[in-house]
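Laboratory data are not the source of any read-out in this text; all were calculated from the coordinates shown. Just so it is clear, the structure is predicted and the values come from calculations on it, not from any experiment. For neighbour counting, all protein chains shown are included, and Cβ atoms are generated from backbone atoms with ideal geometry for every residue, glycine included.
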Amino acid sequence: MSESSAGAGDIVAAAATTAAGWRRAGVAGAAIGVLAAGAAAGVAVERLTVGRGMRKKARLALDATGPYGSLRGTPGRALADDGTELYYEVDEVEPAQAADGAGSDGPRRRRLFGRKAPAPVTVVFSHGYCLGQDSWHFQRAALRGLVRAVYWDQRSHGRSERGRAQADGVPVGIDQLGRDLKAVIDAAAPEGRIVLVGHSMGGMTMMALADQYPALIRDRVAAVAFVGTSGGKLGEVNFGLPVAGVNAVRRVLPGVLRALGSQAELVEKGRRATADLFAGLIKRYSFSSRDVDPAVARFAERLIESTPIDVVAEFYPAFTEHDKSGALPAFRDVPVLILAGEKDLVTPSSHSEAIADVLPDAELILVPDAGHLVMLEHPETVTDRLADLLVRSGAVAAANVGEHGSTAQQPGR
């Protein structure tokens, strides 16, 4: 038997073993079995054509040379209301790009008749669940130096501190994330107009901010972009599974995640041992295109793998409880971009359409052949629509956008 054929058998056997182990937990076995089988099928196909040794070498090569996530800015830390340190980075405007008050470096602001020039517009990027600020890599590369931007890691993600309240047993909720965003804005952009951009959980964070701080939205927000997010009813999402499978998953997943979170060290070892299986799951629920750059797919894996299982478990219940559709009208008076992948299995495009129903003047873009991580899968489309929003909101000059390059440049720029 060839290595590739054996490899396909190995992964199906691994999935079967995983599912068999879960069968001892009753209905949990059915739920996890459905997920495991789906992932195994995808990974098995890849293993028919790619040998085990080649896969290992490819992973190492992509990890060593992949430039994604390499962009860094001026670091800072904001303090959440429970004492959690939230890490952020600021990319300032290059002096040559500043025009007509669109922005300039703080130290280089000119004083006119003894008064400081207006603060530049700041674009604040909020990332999604199990990701980090680096998930905006392509947009950051294209906008770098053109507009003042803040990229931050949500609590317990990336370089931010593990939520202190959660360490004391307090459940994390979307409202807490909204307060965290307010702390980051206070620290990194205390004055001037702001543009809010959020993907998935980041978009929900922005809704929670509006719900709790409507005056901030009214007085300072110049534009908003919701990317692959939802105003609520996430408990009804079927994740592309059969009805029986998704009902089983909904019933048992919170308990299963809690159990896994309590055995974090053991589970992390298991994740490493079944890397191919989890890579299949990540690819299925992150992308839709067949021709996703392997380096980009591996980058997404690294982002998601870096989120500890206990953090995964900690955050999950917040999404079934999330309902911020009532906060959306706060954004009616500013330019709004709503963008999603048409084949998003995590926050289906119908949820973006529901947001657009509340915000009828918003620009709604549904990207064909795109999944949940649309900003990595189709970065040019996302960056193009975001740049247009920044022009419409007055954050940047139209001429600057055309001259500043695109994600087709070297990603590590």
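Can you give the net charge of the other residues whose Cβ lies under 11 Å from the Cβ of Thr122, counting K and R as +1 and D and E as -1? With Lys, Arg at +1 and Asp, Glu at -1, the neighbours total 0. The residues neighbouring Lys343, those whose beta-carbon lies less than 12 Å from its own, together hold a net charge of -2 under the Lys/Arg +1, Asp/Glu -1 convention.
The listed peptides 321-332, 201-212, 68-79, ordered by packing as a protection proxy, come out as 201-212, 321-332, 68-79 (highest mean of other Cβ atoms within 10 Å first). The simple Förster model, with R0 at 22 Å and r as the Cβ-Cβ distance, assigns Glu191 and Val170 a FRET efficiency of 0.10.
A simple spin-label model places pseudo-atoms 7 Å from Cα toward Cβ; at Ser289 and Ala215 they are separated by 4.5 nm.
Of the peptides 151-161, 120-130, 83-93, the ranking by mean beta-carbon count within 10 Å, highest at the top, reads 120-130, 151-161, 83-93.
Counting Lys and Arg as +1 and Asp and Glu as -1 over every other residue whose Cβ lies under 13 Å from the Cβ of Asp175, the net charge comes to -2. Multiplying the residue separation of Arg72 and Phe239 by 0.36 nm and subtracting their alpha-carbon distance yields 56.7 nm.
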